[in-house]
Amino acid sequence: MVKILKHIIFQVALLLCVISSSYGASVEGIWIPEKINWQSPDIEELKETKYASIPILQFLDDGTFKIFNFTVYLQDDGLISISIPEWGEIFSGKWKIKNNNEETVNYRLVDREIVKGVLIDGKFEDEPLPGEKIKESILLDIVNKDNIKIYFDKENFVRNDKLTKDSVEFLSTYKSKY
């Protein structure tokens, strides 16, 4: 009987350790896609250049959520740099924890470098800013507080450890007027 009781106590303690490790998990920071489809230009002199268009997620501790859809370049040292003159769209909003492995994000388009729109009666109509509000759920795969993956928009994201210092500074200091 004592052996069974010790086994039960051990199992409960183990379960509590697993649960408590996931509570220490945080999504704050910058996240990039786990798999990036690098491409090379068709120009022979630039064949060594690798670039991709990716979304970059940012969760701030004040509840702000941002998505940066940018062109990025793979540097020789393995770091990734953002091409500031070629940035695409920026979405901004709020995030909050829904439960242990799910978060809700509310966001909308707040800035863009590339003009998107449609022809209406022969005139180009640009999509207005700010854009329509979007609400989605983000799933978290929490192995432990240091090993988290985010599943968002049919893609896995991992915590950033590859962006250049200048790129991180740009993302961290960007402020939307909306």
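Filter region 27-69 for residues that are part of a loop (DSSP other than H, G, I, E, B) and hydroxyl-bearing (Ser, Thr, Tyr); which is surrounded by the most Cβ atoms within 10 Å (Cβ to Cβ)?
Per the criteria, the residue is Thr49.
Only one of Gly88, Gly29 is closer than 30 Å to Asn106 by Cβ and modelled with pLDDT under 90; which?
Among Gly88, Gly29, only Gly88 is closer than 30 Å to Asn106 by Cβ and modelled with pLDDT under 90.
Can you tell me which residues in region 82-110 are crowded, with 19+ Cβ neighbours inside 10 Å, touching a residue at least 24 places away in the same chain (Cβ under 8 Å) and in a strand (DSSP E or B)?
Selection gives Ile82, Ile90, Phe91, Ser92, Gly93, Trp95, Glu103, Val105, Tyr107, Val110.
Residues to consider are Leu46, Leu16, Leu57, Leu79; find the one that is of a type in the set (A, V, I, L, M), more than 20 Å from Val110 (Cα to Cα) and modelled with pLDDT of 90 or more.
Every option except Leu79 fails the conditions.
So, of the residues in region 104-123 that are at pLDDT 80 or above and of a type in the set (Val, Ile, Thr), which turns out to be farthest from Ser176 (Cα to Cα)?
Thr104
Find the residue count for region 38-81, including only residues that are under 19 Å from Ser176 (Cα atoms) and out of contact with any Gly (no Cβ under 7 Å at 6 or more places or on another chain).
Selection size over region 38-81: 12.
Tell me which residues, restricted to region 56-71, are aliphatic (A, V, I, L, M) and free of Cβ contacts under 8 Å to residues at least 60 places away in the same chain.
Leu60, Ile67
Under 7 Å by Cβ, and 6 or more places apart or on different chains, what pairs join a residue from region 26-38 that is farther than 16 Å from Leu171 by Cα with one that is at pLDDT below 95 and of a type in the set (Lys, Arg)?
Partner pairs satisfying both residue conditions: Glu34/Lys149; Trp38/Lys50.
The values are calculated or read from the model by the stated rules, or taken from the named source; none is laboratory data. Because the structure is predicted, anything quoted here is derived from the model rather than measured. Methodologically, a virtual Cβ is constructed for each residue, glycine included, from the backbone with ideal geometry; neighbour enumeration extends over all protein chains shown.
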